[in-house]
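S.K.: Starting off with a structure, shown below.
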Amino acid sequence: MTEKGGSAVWLLALGQTLIYAGCYYSFPALLPDLEAATGWTKAELALGPTLAFLVMACLTPFTGRLVDRGLGGEMLVWLPAVIALGVAGLGLTGGLAGWLALWALIGVAQAGSLYETCFAFLTRRLGDGARAAITQVTLVAGFAGTVAFPLGHWWGASLGGQGALLAFAALVLLAAPLNAVAVRQLRRRERAGLVIPPSPPGVLQAALRRPAFWAIALGFLAVYLNHGILITYALVLFADRGAAPGLAALAAACIGPAQVAGRLVLLAAGARVTTAQATMASLGSMVVAGVLLWLAGAAPGLIFAFALAQGAGIGLTSILRPVLIAEILGRQGFGAISGAAAVAPILASAAAPSVGAGLLALGGPGLVYAVCLGLAVVGLALMVGLLARRESV
């Protein structure tokens, strides 16, 4: 049985946009200003987001089980306020220890309030209708970077790096009431038979024994490490390619609309494009993006082509990862399985800022371009192998 989520889905989509803009994209958008405000190195600053994602990776399997037990709505309502508190604290702390502790707190709240929890909650409430709802959420939330980079550019210039974080905290806080209304509406629309029943014991353990689970996890680990490095150091890399600060910020802001454009194309294509074809197009686009970024050294305008290819590619993965999990590993116990499969890409996001800082220190931007291109190729190769085995069965 399926049911549309109505306006509640759009409210959740707006909530996700505000959360991602305020706690995920605010860091890369403010990185140069934060360096100036704190005097800390890129590597020291990057330890914060890295720690947040490590905490998130540890807790996501647990929060997935909580969604399966009917507590997803509560997490979506209360945890954005905790994130806002943490981001505000980042704007006030004067020491590296406080910076890290606050990011750890943000990581706890992220585990129960970002895409994984939102998608599992929608799957539980809407059944088969969740695919359309997930697409709606990702269409809107794709603009999070578009919101964050210009705001970071303006707020950073006028308020300083840490002052701008206080403004971003207020942005995140707005997500809490939006999510509260959405959760209440979805629960009112619940009908008998619509909600997925509790999973029988052993579903997650059975999924962990399947090679397909690990192919999905490792393939998206490579992809998210690629994107995490590139988005964190986008302004630095674009400057290396010869772009002025304003132009670099504009190109970075194009990644969000490109995500939305890719999702709209997939939505319009409908059943004419299979999940396998969409996956190949998505990861292939990220390989092309890596080549374009390298070539932008000779033609800086190519950073816009990179932003379009990278954005479209990573934008589709947000939809395709839960779809692949549902189609290949099944819908039973989706929250727990999806949460477990998310650990690898979350760890990649955790490692990305520090890995990127290390690559810049070791070999400069050139090493970053090479490694990120290699990661995109690895991700594509793993998905080709997975889908080829699936088709041969």
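The values are calculated or read from the model by the stated rules, or taken from the named source; none is laboratory data. None of the values given here were measured: they were computed from a predicted structure. Positions of Cβ are backbone-derived with ideal geometry, glycine not excepted, and every protein chain shown enters the neighbour counts. In case anyone asks, the SASA skips ligands and DNA or RNA and just uses the protein heavy atoms, side chains included. Shrake-Rupley method; radii C 1.70, N 1.55, O 1.52, S 1.80 Å.
S.K.: Looking at Phe213 and the list (1) open to solvent by 10 Å² or more (accessible area, probe 1.4 Å); (2) more than 20 Å from Gly374 (Cβ to Cβ); (3) among the hydrophobic types (A, V, I, L, M, F, W, C), which single condition is not satisfied?
M.R.: (1)
S.K.: Right, another one. Specify which of the listed residues (Gly160, Gly129) is closer than 16 Å to Val323 by Cβ and surrounded by fewer than 22 Cβ atoms within 10 Å (Cβ to Cβ).
M.R.: Values: Gly160 fails: closer than 16 Å to Val323 by Cβ.
So the residue among Gly160, Gly129 that is closer than 16 Å to Val323 by Cβ and surrounded by fewer than 22 Cβ atoms within 10 Å (Cβ to Cβ) is Gly129.
S.K.: Within region 317-356, how many residues turn out to be of a type in the set (Ser, Thr, Tyr) and within 21 Å of Leu51 (Cβ to Cβ)?
M.R.: Residues meeting the conditions: 2.
S.K.: Which residue pairs have Cβ atoms closer than 7 Å, lie 6 or more positions apart in sequence or on different chains, and pair a first residue in region 170-193 that is over 16 Å from Gln16 (Cβ atoms) and at pLDDT below 95 with a second residue that is assigned to a loop (DSSP other than H, G, I, E, B) and open to solvent by 70 Å² or more (accessible area, probe 1.4 Å)?
M.R.: Gly193/Met1
S.K.: Return yes or no: is Ala348 touching a Phe, Trp or Tyr at 6+ places or on another chain (Cβ under 8 Å), closer than 25 Å to Glu116 by Cα, modelled with pLDDT of 85 or more and assigned to a helix (DSSP H, G or I)?
M.R.: yes
S.K.: If the requirement is being of a type in the set (Gly, Ala, Ser) and touching an Asp or Glu at 6+ places or on another chain (Cβ under 8 Å), which of these qualifies: Gly89, Gly64, Gly73? Working first, answer last.
M.R.: Numbers: Gly89 fails: touching an Asp or Glu at 6+ places or on another chain (Cβ under 8 Å); Gly73 fails: touching an Asp or Glu at 6+ places or on another chain (Cβ under 8 Å).
One residue alone meets the criteria, Gly64.
S.K.: If Gly70 passes every condition in (1) surrounded by fewer than 24 Cβ atoms within 10 Å (Cβ to Cβ); (2) part of a helix (DSSP H, G or I) but one, which one does it miss?
M.R.: In the conditions (1) surrounded by fewer than 24 Cβ atoms within 10 Å (Cβ to Cβ); (2) part of a helix (DSSP H, G or I), Gly70 misses (2) alone.
S.K.: Now a separate question. Of the numbered conditions (1) in contact with a strand residue (DSSP E or B) (Cβ under 8 Å, 6 or more places away or on another chain); (2) over 27 Å from Gly333 (Cα atoms), Leu151 fails exactly one; give the number of that condition.
M.R.: (1)
S.K.: Could you grab me the full set of residues in region 111-133 that are outside any helix (DSSP H, G or I) and either within 18 Å of the chain's Cα centre (by Cα) or modelled with pLDDT of 85 or more (or both)?
M.R.: Ala111, Gly112, Ser113, Leu114
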